[in-house]
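Undergrad: Structure below; questions to follow.
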Amino acid sequence: MKFRIGIPREIKEGENRVAATPHCISTLREAGARVFVQKGAGAGSGFEDSSFVRAGATVVPTAADAWEADLVVKVKEPLSREFRFLNGRTALFTYLHLAAVPELTDALLARRVTAIAYETVTKGGGLPLLRPMSEVAGILSVQVGARGLEKAAGGKGILLPAVKGGKPAEVCVIGAGIAGRAATRTAAGIGARVTVLDISRSKLAAVREETGVRVRTVLSTPESIERVVTKSDLVISTVLLVGDRAPVLIRRKLLRRMQRGAVVVDISIDQGGTVETSRPTTHAAPFFIEEGVVHYCVANMPAAVPRTSTIALSKATLPYVRMFARTGVLPALRKDSGLRAGLNTFRGRVTCEGVARALGLEYTEPEALL
């Protein structure tokens, strides 16, 4: 029997991405898989059902039809009304961010789901499936931060770049990973004055190499964060601990010392957030004000540009989905240690150390189960 891959329509609020493009479907068909795409799954990204049919997929009417597969490939984590589809026969490949959603973890464990998270798959010391969306989120953070600074959103009413007779806005980027560097390049490129903080000297050196003298780099400590944040008009926090809950770097006490109408963009919100006052928001209502500071905490930022995001994400995931199609899920996990690092739950056990630590659960090495 051919390997069955299901692609359901995303139901998270404001989520317009789809897990695979028609081009990917063609490749998976060539690898011997049968692909089932839920009706309308690609519409938000500009891919009509007919394009999936031409690529060789079967368009199915309901989510239940798409979930009836050997492997379900998604973009975002299953929501509570999708829990009924979870079972031990169908593996799941998607962004999970389980440290921030213990109820999903409980459901995956109870239903013995083989759940593989994009955000913990590794390759060559990097995170290849997190990278494209981190870059998109970093670029978007500057756009949404600029919107937050507009008076209508509660901001100070300033632009990021200088105009004649004025001065540029002060932008603080915490974290010099993929998202942080993308945010830095974007903010500096439009003329803001940017300071980047990180605990890694080598990452700060990479920022200087990319941006030159336009950007100031500072070794991150509690004292330096406090000093830079209180002077900033826009703070973009991008810090990531793989699989684990994000560390809280800006407490309410520090927030109170920030300028009124300043903006915080908490990219790390899908891992719990790095600002004590952060709480998830949506694309429909992205901002809220706490202690006089505008917060942007949308947990699926790249969904704002779904066409770009879908193409970038599906290009990154395709080699792994093709491997599943050719060999099956368990053989692929046994063969590829980087893919195995993405395994978060398996046969009722937590198999990601970061998730286990964040949720206070027992960790089991995946090798012991596979």
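Values in this text are rule-based calculations from the coordinates and carry no lab data. The model shown is predicted, which means the values in this text are computed figures rather than measured ones. Note: ideal-geometry Cβ built from the backbone for every residue, glycine included; neighbour counts use all protein chains shown.
Undergrad: Given the Cα-Cα distance of Leu159 and Arg357 and 0.36 nm per residue of separation, how much length would full extension add, in nm?
TA: Value of the extension gain: 67.1 nm.
Undergrad: Check the straight Cα-Cα distances from Lys74 and name the lysines below 28 Å, setting aside those fewer than 8 residues away within the same chain.
TA: Filter leaves Lys2, Lys12, Lys39, Lys123, Lys315, Lys335.
Undergrad: Okay, next question. Thr282 to Lys315: extension gain in nm, 0.36 nm per residue of separation minus the Cα-Cα distance?
TA: 9.3 nm
Undergrad: Under 5 Å between amide hydrogens, which residues at least 5 positions from Phe288 or on another chain qualify, with H placed 1.01 Å from N in the peptide plane?
TA: Close amide H contacts, sequence-distant or interchain: His295.
Undergrad: Right, next: May I ask you to evaluate 6.51 cos²θ - 1.76 cosθ + 1.60, the Karplus curve with θ = phi - 60°, for each residue of the stretch 38-54 and list the ³J(HN,Hα) values in order in whole Hz, giving x for glycine and proline?
TA: 5, 3, x, 4, x, 4, x, 9, x, 10, 7, 4, 4, 5, 6, 4, 4
Undergrad: How high is the FRET efficiency between Glu226 and Arg89 when r is their beta carbon distance and R₀ equals 51 Å, given to the nearest 0.05?
TA: The formula returns an efficiency of 0.50 here.
Undergrad: State the extension gain, in nm to one decimal, for the chain segment bounded by Ala206 and Arg54, taking 0.36 nm per residue of separation less the distance between their alpha-carbons.
TA: So the chain would gain 50.3 nm between Ala206 and Arg54.
Undergrad: Additional query: Would you please state the base-10 log of I(q)/I(0) at q = 0.12 1/Å for the chain, with intensities from the Debye formula using one equal scatterer on every alpha carbon?
TA: -0.89
Undergrad: With no solvent and one equal point scatterer per Cα, compute the Debye intensity ratio I(q)/I(0) for the stretch 44-161 at 0.16 Å⁻¹ and report its log10, rounded to two decimals.
TA: Summing over Cα pairs of the stretch 44-161 leads to -0.96.
Undergrad: Which whole-number percent is the relative contact order of the chain (Cα, under 8 Å, 6+ apart)?
TA: 19
Undergrad: Next up: Could you give log10 I(q)/I(0) at q = 0.14, 0.26 Å⁻¹ for the stretch 88-151, computed by the Debye formula over C-alpha point scatterers of equal weight, without solvent?
TA: For the stretch 88-151, the Cα-only Debye profile gives -0.59, -1.06.
Undergrad: Per-residue HN-Hα couplings for the stretch 256-265, Karplus 6.51 cos²θ - 1.76 cosθ + 1.60 at θ = phi - 60°, whole Hz, x for Gly and Pro?
TA: Values per residue, Gly and Pro as x: 5, 8, 6, 5, 5, x, 5, 10, 10, 10 Hz.
Undergrad: Non-local amide H neighbours of Leu343 (under 5 Å, H modeled in plane, Pro and chain starts lacking H): which ones?
TA: Those qualifying (amide H under 5 Å, at least 5 residues apart or on another chain) are Ala117.
Undergrad: Roughly speaking, what % of Cα-Cα pairs in the stretch 131-304 are separated by over 20 Å, rounded to a whole number?
TA: Percent of Cα pairs beyond 20 Å in the stretch 131-304: 45.
Undergrad: How high is the relative contact order of the stretch 143-224, given as a whole-number percent (alpha carbon pairs under 8 Å, six or more residues apart)?
TA: Over the stretch 143-224, the number comes to 22 percent.
Undergrad: Explain nothing, just compute: Karplus ³J(HN,Hα) = 6.51 cos²θ - 1.76 cosθ + 1.60, θ = phi - 60°, for every residue of the stretch 68-76 in order, whole Hz, x for Gly and Pro.
TA: Working through the residues one at a time gives 7, 8, 6, 9, 9, 10, 10, 9, 10 Hz.
Undergrad: Could you order peptides 320-333, 345-358, 280-293 by the average number of other Cβ atoms within 10 Å of their residues, highest first?
TA: 345-358, 320-333, 280-293
Undergrad: Here is a follow-up. What do you get for Rg/Rh over the stretch 227-370 if you use C-alpha atoms and the Kirkwood form of Rh?
TA: With Rh from the inverse mean 1/r over Cα pairs, Rg/Rh is 1.08.
Undergrad: Project the alpha carbons of the stretch 283-365 onto their principal axes and report the range along each, largest first, in whole Å.
TA: Here the spans come out as 52, 36, 17 Å, largest first.
Undergrad: Glu48's amide H: which non-local residues (gap 5+, or another chain) put their own amide H closer than 5 Å, with H modeled 1.01 Å from N in plane and none for Pro or chain starts?
TA: HN-HN under 5 Å from Glu48: empty list.
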